[in-house]
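First the structure, in the form of structure tokens, and then the observations on it.
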Amino acid sequence: MSSIGIVFSEDPREFQRRDWTDLVAADPAGTIFHTPGFLKLYWEEFGVETDGLVLAFGEAEGRQVAACAFELVGPTLRFLGGTEVVDYLGPVADPQAAPGFAEELWAELLKRDGWDDADLRGLPADSAWLGSLKKAAGGHGLTVEETADQNGVAPFLELPDSWDGYLEALPAKLRHEIRRKAKKLEAETGPFAVETADQETLTPFLDRFVELHRMSEGPKGVFMVPGMEIFFRRLGEAFCADGIFRLTFIRVAGELAAGTIGFRYGGTYSLYNSAFDRRWQQLSPGMVLVAEDIRAAIEDGCGRFDLLKGDYSYKYRFGAERRGIRRLIVRR
């Protein structure tokens, strides 16, 4: 590929005018969190400084081949997305353009004033971007430190073609537990139903999800502040109609006892958030629902079920594997 030119913009209208969704699809590291649609909502709800947006685009042979969204917070340059609501961060590119973009990006960033260091989080350990960004920064004389990211593990499942195939691949103990929990729930409450929000039920389902979140103990109970609730509702409005936003509940004895929010995007189902009614805690409706989400992901043809950041023990009860998430601290 010919040399790559870098174009910067501070204009949030570029989320739509330079829509880079096709690059997210082309990049093996691309996720829902890299899409301009998701990042636009994040910027509008959580942008720290009104003039802090920095969008970088790579161009070659008359077309856009790479994109990366940054946020400048004081003297620190960060990938746009923060750490509270975005799990994976960083650039996306046509795979052939990725190394050249990393190289030219640092060269052009060094010409810009206003930043002293870059705190780049959310880079999977198995992503090519981790190595290319680190190598390119070092090549330009920058000091680079690599560490584990906050909550720096994101467990995931590689999915087979069938639910039975998934169960059979699990260790016997895990397989037994998944089946036992579903049978116990049904034996004690009667048949349960799994319901996924559509455009008609999105609002009442979100109402119930927010209610359950605020009933939770510990950090989860204070997570759903009004600003966060607005963000979740806007995500639903933006991505429900095309099937990306998946708000799913398990109905037990007529009640919505547990809910999950996930994203089905690019062959991956990402489990984003969850909440459950503690009155049903002894019957584990949330665990039963996650198993049903895995079943639905398989039936939808997804090849991966991503439980996202947080090294929680419950994730490994579904057979998940560990995936490290890294952080680069780059200083001028």
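Read-outs: derived from the displayed coordinates by stated rules, not from any lab. Source: prediction; values computed, not measured. Cβ placement follows ideal geometry from the backbone for every residue including glycine, while neighbour counts extend to all protein chains displayed.
Counting every other Cβ atom within 10 Å of each residue's Cβ, Lys135, Lys181 order from fewest to most as Lys135, Lys181. Placing +1 on each Lys and Arg Cβ and -1 on each Asp and Glu Cβ, with no other charges, gives the stretch 156-306 a dipole about its Cα centre of roughly 560 debye. For Asp27, the residues whose modelled amide H falls within less than 5 Å of its own, excluding neighbours fewer than 5 places apart on the same chain, are Ala93.
Comparing Cα centroids, the stretch 18-63 and the stretch 230-255 end up 23 angstrom apart.
The ranking of Thr189, Thr50, Thr260 by Cβ neighbour count inside 10 Å, starting from the fewest, reads Thr50, Thr189, Thr260.
Counting other Cβ atoms within 10 Å, which trypsin sites (Lys or Arg not before Pro) in the stretch 1-109 have at most 14 and lie in a DSSP loop?
Those satisfying the criteria are Arg13.
For the chain, the Cα gyration tensor yields ellipsoid semi-axes of 38, 21, 18 Å (square root of five times each eigenvalue, largest first, whole Å). The stretch 81-126 and the stretch 275-332 have their alpha-carbon centroids 26 Å apart.
Per-residue Cβ neighbour counts within 10 Å put Val85, Val7, Val288 in the sequence Val7, Val85, Val288, beginning with the fewest. Amide H to amide H distances under 5 Å link Leu308 with Leu271, where only residues 5 or more positions off or on other chains count and H is placed in the peptide plane.
The residue among His176, Met228, Ile261 whose Cα reaches farthest toward the positive pole of the charge dipole of the stretch 160-264, with charges on the beta-carbon of Lys, Arg, Asp and Glu, is His176.
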